[in-house]
Amino acid sequence: MGSQDLLNKIENIITERGTDSYLGEEVTMEQHMLQTALLAETEDGSDSAIAGALLHDIGHYSEAFAEDALEQGLNNYHEDSGALILEGTFPEEVVASVKFHVSAKRYLCATDTNYFNCLSEASVHSLKLQGGPMDKHEILEFEKNPHLELCLKVRRWTSQYCRDWFKR
Ligand SMILES: [Fe+2]
């Protein structure tokens with residue numbers, strides 16, 4: 001897919017699906033995407049951070065999995081399908097921040113009890129399906145990721161329920 005085609009596809013997704021509820025939470029998908037991107041713009045400002053934050057959940061729109069997979073108790077691996085959509089068009093660090101935003105959640109839940117404590121109910125549910133908090137070996141492996149810092153930043157921005165804690 002060419003760059004312009006991909007941008008058109010992303011625009012179509014936001015236009016057609018943006019008003020969907022964000023996984024049963026109180027915000028819509030579009031609000032979740034824009035809130036996350038706005039935090040990235042405010043707190044980092046780099047194009048890669050903003051793009052990763054905006055597009056981290058784009059894989060929920062992959063046709064490879066049923067849209068209600070998470071509700072059905074199935075992991076939809078939306079981080080992998082999202083990265084596949086962006087690969088080859090977006091910079092490596094943007095693709096990484098999408099591909100590893102679930103790993104970053106599992107990492108933060110294992111290393112920062114404050115992060116785990118402020119997850120929403122839906123996020124705790126999906127954490128179980130995604131393998132739960134990382135074990136020690138997984139933590140050490142993940143810390144080798146060359147894009148670790150951006151992955152963790154994007155992850156924290158996605159957790160808008162943690163805003164008070166994140167701001168301290
Ligand atoms: Fe996600």
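The values are calculated or read from the model by the stated rules, or taken from the named source; none is laboratory data. Fair warning: this is a prediction, and the values are worked out from it, not measured in the lab. Ideal geometry is used to build each Cβ from the backbone, glycine not excepted, and the neighbour counts take in all protein chains shown. Accessible surface areas use protein heavy atoms only, side chains included; no ligands, DNA or RNA. Shrake-Rupley method; radii C 1.70, N 1.55, O 1.52, S 1.80 Å.
For this structure, a couple of remarks:
- Choice from Gly131, Gly82, Gly52 showing the highest fluctuation, given a GNM over the chain with Cα pairs closer than 10 Å: Gly131
- Gaussian network model of the chain, Cα within-10 Å springs - most flexible of Ile13, Ile58, Ile85: Ile13
- The chain, relative contact order [Cα under 8 Å, separation at least 6], %: 22 percent
- Mean residue ellipticity at 222 nm, helices only, the chain: -18000 deg cm²/dmol; runs of at least 4 DSSP H residues each add -39,500 (n - 2.57), and the sum is divided by the number of residues.
- A Förster radius of 25 Å combined with the Cβ-Cβ distance from Leu38 to Ser62 puts the calculated FRET efficiency at roughly 0.55.
- Carbon + sulfur, % of accessible area of the chain - ligands and nucleic acids excluded, 1.4 Å: 51 percent
- For Thr28, the residues whose amide H sits under 5 Å from its own are Tyr22, ignoring neighbours fewer than 5 places away on the same chain, with H placed 1.01 Å from N.
- Length added when fully stretched, Met1-Thr19, from 0.36 nm per residue minus Cα-Cα: 3.9 nm
- Measuring r between the beta carbons of Asn114 and Glu30 and using R0 = 35 Å, the FRET efficiency lands at 0.80.
- Candidate lysines - alpha carbon under 24 Å from Lys153, same-chain residues fewer than 8 apart omitted: Lys99, Lys105, Lys128, Lys136, Lys144, Lys167
- What the chain shows is 52 Å² of accessible area per residue, with the surface traced by a 1.4 Å probe over protein heavy atoms.
- Local electrostatic count, His137, Cβ distance below 14 Å [Lys/Arg +1, Asp/Glu -1]: -1
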